[in-house]
1. Test F369 against the criterion of being surrounded by fewer than 22 Cβ atoms within 10 Å (Cβ to Cβ), assigned by TED's automatic domain parsing to the domain that holds T426 and either of a type in the set (A, V, I, L, M) or part of a helix (DSSP H, G or I) (or both), and give yes or no.
2. Give the number of residues within the stretch 234-283 that are of a type in the set (D, E, K, R), over 22 Å from S178 (Cα atoms), touching a residue at least 40 places away in the same chain (Cβ under 8 Å) and assigned to a helix (DSSP H, G or I).
3. Does L111 count as out of contact with any strand residue (DSSP E or B) (no Cβ under 8 Å at 6 or more places or on another chain), modelled with pLDDT of 80 or more and assigned to a loop (DSSP other than H, G, I, E, B)?
4. Under the condition of being surrounded by fewer than 14 Cβ atoms within 10 Å (Cβ to Cβ) and farther than 16 Å from G375 by Cβ, which residue from the stretch 72-87 is modelled with the highest pLDDT?
5. Among the numbered criteria (1) in a loop (DSSP other than H, G, I, E, B); (2) closer than 19 Å to V262 by Cα, which one does N211 miss?
6. So, in the stretch 185-220, how many residues would count as being in contact with a Lys or Arg (Cβ under 8 Å, 6 or more places away or on another chain), under 17 Å from E237 (Cα atoms) and in contact (Cβ under 8 Å) with a residue 24 or more places away in the chain?
7. Which of the residues that make up the stretch 304-331 are buried (at least 19 other Cβ atoms within 10 Å of the Cβ) and among the basic types (K, R)?
8. Pull up the stretch 209-251, narrow it to residues that are small (G, A, S) and surrounded by fewer than 15 Cβ atoms within 10 Å (Cβ to Cβ), then point me to the one that is farthest from S151 (Cα to Cα).
Amino acid sequence: MRQEKIFIGPKMRALRQERGLTQAAFAELLGVSASYVNLIEKNQRNASLKLLISLSDAFGMDWREFTQSDSRLAIADLRQITNHPAFGESVPDIEELRSAIENAPNLVNGLFNIFKAYRALGEKLAASNAATGEADGSTGEQAVHDLFRSSHNYFDVLEIRALELRQPGRFETDEFFSALKTHLSVQLGIETRIVPVETLGSSLRFFDRHNNRLLLSEGLDYTNKVFQMAHSIALIEHSDTLNNITSEGGITDSEETGRCRVELANYFAAAVMMPYKDFLNEAESSSYDFEHLATKFAVSYEHACHRVTTMQKPGNKGIPFFFLRIDRAGNVTKRFNATPIQLGRYGGACPKLDVHFSFRVPGRIFPQFVEMPDGQRYFTINRTVDRPTLKYTTEDKRLAVSLGCAAEHASRIVYSQNINLSQSRTTEIGVNCRLCPRHHCDQRAHESFIHGVVIDEDRRGVTRFES
C-alpha cells in the first residue's frame, strides 16, 4: 500500500518562529541538517516519522498536531470566496487552492478575514434595511454557528461524556426518564418534578437552584422531558467541559458564551438519546430514513435530523448535512452546517426552497435538488415539525426543517429512490434575496446587495427589481 506523504512546512515554520529559532538552531535541536529544515518548511520534502517523533520529543507536543489538517473545510471556504461575483472571472482551480492553503496559510487566513468582514458588512446593511434590529455583525447565534462549523459539527468530549452517562446496559430507551431522574437525584442531589403548565407559564423547564429542583412542564411529551433532563445534566454536571469548549473556541463575550453553552448542552442531550455509533449504523442501514430513526430512538423527527448533522467523527463519518429550521414567515430560527453551503445569517431562506411549500401539506416529506450561485448542487429533504402545545391558545406553533447534502450523496438516501437522478429537475436558489446575485429570479423580494440593477424605463422585467 502506498504511504501518504506528509507535508508540514507552514506548521513547522510557525513553530520555529514562535520559539525565536533560526533554521540552523532548530535543525540542531532535531538532529537534522539546516538544509533539510529549509526544504521541509518549503514543502519540498515530506516529513518522515522520525522527524515527527523528534519534533514531539524536542517540544513536548503530540506529533499528530502537525499532521491534522482542516484542508477540506478550508478549501470549501476558499472556493466560496473565489466563486463570489466580487472575486472576478479568473477563478483558481482546486490545485491552486490546495497549493495556497499548504504554502501560504497566513495569506489564506487573511483572505478569510477580509471576506468575513465584507460579508458581515453586507449582512449588517441587509439587516438594517430589513429592520431586524441587529446593531452589529456579531451575535450569539453567529458565535454558535462559527463554533460548530470550526469543530466540523462534532465534539468528541461531549460524545464521551454522553456515553459515560448512558453506559452500555445501564438502561433501555423506554427507561430514559426514570434513569435520568435517578441520576439527577443520586449523583447531583436534584429533585425532578413535573408541574402544571400554569406553574411555569410559557417556560418548558426551570432549574430552581435555591431548592435544587428541576421543574418540567407537563405540556412536554415523553421525548422532550427526557431531552430537557439530559440538557440540564450537561449544564450542571459538565459545566466545566462546556466552558472549556467555548474558551478554546475563542468565545469570551457573556452573551455568546451563554448561547454556545445552551447549544452544546443540546448536543450532549442528543448524544445521550442517540449514541453516535448506534445512530450512525442505523442511519446508514436505513438509508437515512429519518422517520424510522425517530421511532427507533424514541426522539422527534427534528431531533433525528439535527443529530445526523453531527455524524462527523474523524474516521467514522456519515453524510455531511446542513440543517435549517424556519417559521411560517420564512425566518431562519436554527441552522447547523457540515457542508460547504453558505447559510444566511439574516432574513429568510430562499423562497424557492420547498421547505416553505411544506407548510401546505404538514407532515409530508418533499425532496428537492437545488443549485447555489457558485454551481454547487445539493439534495434537500423538507418537512414540517410541531412544537410542544401547552394549551389551546398555543396550538399550531408549526415550524419546518430542511436537511441537505451534496447532490452526489443523494443515491444513499431513501427519499431519492423515486427520482431519476440523471434527469432530476434542479431549482436555482441563493442564500437570500439580499445576498443572491441571480438577476432574473421571479421570486426576488429585495434588491441584491451584491449587484445593483440599472433600470430601463422602457422595459418591465419579471420583478420590479429587473428591467
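The values are calculated or read from the model by the stated rules, or taken from the named source; none is laboratory data. In this text, all values refer to a predicted model and were calculated from it rather than measured experimentally. Here the Cβ is made from the backbone with ideal geometry for all residues, glycine too, and neighbour counts use every protein chain on show.
1. Criteria not met by F369.
2. 4
3. The answer is no for L111.
4. A86
5. Looking at each condition in turn, N211 falls short on (2).
6. Count: 4.
7. R307, R325, listed by residue number.
8. Out of the qualifying residues, it is S239.
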